[in-house]
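Inspection log for the structure reproduced underneath, given as structure tokens.
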Amino acid sequence: MILCMLLALSLGADHTFQTGLARIRIDDHGFMTSIASRKGGKEYSPKAHPSPVLSLSVDGKLIEPRSATYQRNEIKLTYPNGSIAVVRIGQQKNYLRLKLLSLSPRVDVDNIVWGPVHTTISKTIGDLIGVVRDGDWAIGMLGLDDNTIAGPPVDGDCYQMGYVIHSPDPVKYPVPGQYKEGQRFSVGGDGISDVAFYSHPEEYFQQVLGTGAVLKPSFGSTISYHSRDRRRPYTHFFSLLPGFENSKPRHQISDSVDADFIGSSVALYFCPDDDGLSVIESIILAEGLPHPMVDGKWIRDPAAQRPDIAWFGDHDKLIEYANQLGLKSVQDEALGEYYPNPADRWAGKRVGFSGGRTQSIKEFTDSTNDQGIRYGLHTLCMFIQPHSSDVKPVPNEHLQTVLRTKIANGLNTTDTAIKVANPSFLAEKGTWHGGPEGSVLRIGKEMLTYTGIEGDQLQGVKRGQYGTTAAAHEQNDELVKLQMNCYHGFVPDMTLLGEYADYYAQLMNDGGMEYVDFDGLESTIYQNQGYFAVRTFYRRLFDTYRHLSGGKYLRVMGSCVFPGSWEYMSVCNVGGGNNMFDPVLNRWGIEGKDIRNGFSNSYFPSTFGIQDYHSDWSVYDAENLQAKSIGWGATYMLGLSQEAVERSGEKSAIFTAFRTWEDARGLFSKSAKARLRDPDFKFHLERDGKRFNLYPVREIRSSDSEVVLHNPHENQALEFSLQVLTATDGVTITLPNGSVVKCPQRLEAGQFIIRKGDRTYLADKFRKPIAMLMLGATCSLPKGDSKVQIQTMGRFQLTTWIRGIGEVL
């Protein structure tokens, strides 16, 4: 590994920090004035934008230092508001460690901000974890404690979803004149449908996934982390999805949490782009941060990335298929979404087989574990449904609130005239993600709803809602408005969030499970604590599970990647199908493009989502899914069911080819992966003893009666499939050498005529052979131009494959 951070500290007048690769200077005002490569002297600090080592936030405004003094390994920073911060500099092998030791007087400081560090780099903005990259060099920051979060302080402590105009390659993807670099747009759609959020196919429309790094068109980019004094409440005005009727920003007041910014620390690293992940791992190991391992590899290691299985239907062949394909993790979609339920922990769920036989989840996981296969549930994380038994049943003092006040008058069991001591924000209908109908209150153990407020009196009150009973209440009893989720249910607060994590850890351990999918992961940001809550949930989950399981790690998937989950989640196989990637037509969907860019910019694997096994796939379609996955460093879940696989005419060839790609997954060089990305080619991989031979394959699709084929290579076997799209009475195909294939019988829509190897046959719509067809003479595809002619009364599509020159991996 190339060493890539500070090795020596010189406390001379120029306050220079050096590494084998970089030289960083900090001036007497506490600003980084130079971030330069020692080899060649290239400067990465914008001349007109030096970077403060540490900024203070007061009421949303950043205060930069005005002077700095140095003593041994500490910097004392003085600010215009009179505050003095003492920052310790630790010189580690691969990074500079900055830690806030003290701040006095605090003078209403609510957050501290590391940086913002300004750089000239703008090609790749890794906003999830705060890293910027130009292909050669990476500059990044990493929080070293749970309360130090990527990005500057903002309302809700969360980014707001949207697009930013930024071309990663202005020559290849020029920004049209009607747009400007850095311009912001809301996500598309209606604010409800996840798929509709992805509305711009252009590469220069980049989805915002965080604020750890931000594009600055005038000079490059900024990187920052912040830490909040969470011991006091804050009033936020927030919506994750601004601009939509059902997700309007609304006020929410956070409850206090025992977390402060004193002791906040970050690692600041500068290294070659290719070394970014290995440097981050070295920081994690040196600092004792979470380092989940699966199959002996760190989860962020590209060598650890493999497809998973999403299983549907009866389970008779699940283990058999997984072993044949070489896949080791299974999410069981057949059991449906799981909701926590202490009264019946498995909610009556059992593993089903053909013929009506069932098995308990624990019995089945014993079988999968014996085969080294991780099996797990698809959950809806922490969405509390309004009428369900949950970790603790409704009503509960630990349901998340958006505000607290007191009732100004005593109530009997029938009173609906309720006055409040402080009507602030009660006029807002609903909560930011609960819709206007989500105006729910709690007094003690009673749940109420209301429609509005006039003066200090609630309007449209309904008592004893959500299965609770109206009760008498005293003047000055606490009244709270509850946070609602997008399913019109409730949300756990930070205390109940920890109980959820323990519940899932216990559930997974008791069930013998080492895999879980947290759909609805946004339920970890409803606590008004932003990504601090996300990290708190995951740390508690992993710590509890490791304690219960004797040191094991979970393989975790989720519906999204947040700052705070990056270090815990193995994969994020969201979405699916052609919205992500079409392996048959070799095209990215808009959602796939957006997530690919957003994830990979922050060293997280992109995804194809769930890719269902299609019974009519050719082997080249399945191989292309694997090739593009390896080429792009993308994970996915292969959607399998016994029905889809067993009716597939090319099942045997597909399974063999799929396993070949899995066994070769770690052998592809950087240049070979770049070739695999080419959308103009599919690829075929053959095993030759201990070697693997890779062949590019040109696929030609046509519905013309005469198709010209250009083969730039030597003669090769002719392969084609002709699918009739409408029923027809017979098909005649004239091949390049003049020989003829005749199918005089009636063909139903969807059926195929296939030429593979030395066989030509009629097949059903899933490519299963129905009848052999005679061919007058052997036929190959000659070098140069040749043609195929089709005679039929129906519509059809002819697909032909031309194999290129192979290379040994």
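The values are calculated or read from the model by the stated rules, or taken from the named source; none is laboratory data. None of the values given here were measured: they were computed from a predicted structure. Note: ideal-geometry Cβ built from the backbone for every residue, glycine included; neighbour counts use all protein chains shown. For the accessible areas, the whole protein counts, side chains as well, though only heavy atoms, and no ligand, DNA or RNA atoms are used. Shrake-Rupley method; radii C 1.70, N 1.55, O 1.52, S 1.80 Å.
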Per its Cα gyration tensor (rounded if a/c is under 1.5, else prolate when a/b beats b/c, else oblate), the range 139-232 is best filed as oblate
Pairs K328/K673; K593/K756; K673/K765; K248/K628: which exceed 30 Å Cα-Cα?
K593/K756; K673/K765; K248/K628
Any idea what the dipole of the chain comes to, in debye rounded to 20, about its Cα centre with Lys/Arg Cβ at +1 and Asp/Glu Cβ at -1?
1500
Accessible-area order (highest first, 1.4 angstrom probe) of the listed residues L554, L289
L289, L554
Starting from the residue with the highest accessible area, list H710, H236 in decreasing order, probe 1.4 Å.
H710, H236
The range 265-313, dipole about Cα centre (Lys/Arg Cβ +1, Asp/Glu Cβ -1), debye to the nearest 20
180
Placing one identical point scatterer on every Cα of the range 739-785 and ignoring solvent, what is log10 I(q)/I(0) from the Debye formula at q = 0.23 Å⁻¹?
-0.84
Given 0.36 nm per residue, what is the gain on full extension from S354 to H398 after removing their alpha carbon distance, in nm?
11.5 nm
If you take the Cα Rg of the range 164-218 and divide it by 2.2 N^0.38 Å, with N the number of residues, what do you get?
1.19
Cross-link table K61/K123; K39/K123; K682/K787, entries beyond 25 Å C-alpha to C-alpha:
K61/K123
Given pairs K552/K690; K349/K462; K42/K216 and cut-off 25 Å on Cα-Cα distance, the over-length ones are K552/K690; K349/K462
Among the aspartates and glutamates, which fall within straight-line cross-link reach of K429, defined as a Cα-Cα distance under 17 Å, with same-chain neighbours fewer than 8 residues apart omitted?
E245, E437, E454, D456
Per 5 Å bin from zero, what fraction in whole % of the C-alpha pairs of the range 703-809 is there, up to the bin with the longest pair?
3, 12, 24, 24, 18, 10, 5, 2, 1, 0
Heavy-atom accessible area ranking, 1.4 Å probe, most first, across C381, C486:
C486, C381
The answer for the per residue Cα convex hull volume of the range 297-437, in Å³, is 204
Can you give the angle from 0 to 90° between the axis of helix 590-601 and the longest principal axis of the chain, with both taken from C-alpha atoms, to the nearest 10?
60
The simple spin-label model distance between K180 and H488, using points 7 Å out along Cα→Cβ, in nm, is 4.4
Shape category assigned to the range 463-590 from the gyration tensor of Cα positions, a/c cut at 1.5:
oblate
Taking 1 over the mean of 1/r across every pair of different Cα atoms in the range 410-465, what Kirkwood radius in Å do you get?
11.6
When ranked by the protection proxy of mean other Cβ atoms within 10 Å per residue, highest first, what sequence do the peptides 614-624, 583-593 form?
614-624, 583-593
Cα long-axis angle, helix 531-549 against the chain (0 to 90 degrees, to the nearest 10)
70
P(r), alpha carbons of the chain - 20 Å bins starting at zero, rounded %:
14, 41, 32, 11, 1
As I understand it, the dipole of the range 709-809 uses +1 on the Cβ of Lys and Arg and -1 on the Cβ of Asp and Glu, about the Cα centre. Which of G804, L722, F766 lies farthest toward its positive end?
F766
For peptides 368-375, 572-579, sequence by mean Cβ density within 10 Å, most packed first
572-579, 368-375
Quarter of Cα convex hull surface for the range 1-150, i.e. mean projection, nm²
9.3
About the Cα centre, and with charges only on the beta carbon of Lys, Arg (+1) and Asp, Glu (-1), how big is the dipole of the range 727-809? Nearest 20 debye, please.
80
Approximate spin-label separation E646-A408, in nm, with each point projected 7 Å along Cα-to-Cβ
7.1
Quote to one decimal, in nm, the extra length available between I700 and I770 on full extension: 0.36 nm per residue of separation minus the C-alpha distance between them.
22.7 nm
Show log10 I(q)/I(0) for the range 761-809 at q = 0.16, 0.17, 0.19 Å⁻¹, two decimals, from a solvent-free Debye sum over equal Cα scatterers.
-0.78, -0.87, -1.03
First check a/c for the range 213-358, with a ≥ b ≥ c the square roots of the eigenvalues of its C-alpha gyration tensor; if it is under 1.5, answer rounded, and if not, answer prolate when a/b is larger than b/c or oblate otherwise.
oblate
For the range 542-612 (alpha-carbon point model, no solvent) the Debye-based log₁₀ I(q)/I(0) at q = 0.13, 0.20 Å⁻¹ works out to -0.44, -0.80
When the charge dipole of the range 291-368 is computed with +1 at the Cβ of Lys and Arg and -1 at the Cβ of Asp and Glu, the Cα pointing farthest to the positive end, of A303, H315, Q331, is that of A303
Förster radius 35 Å - calculated FRET efficiency between S218 and V58, Cβ distance, rounded to 0.05
0.85
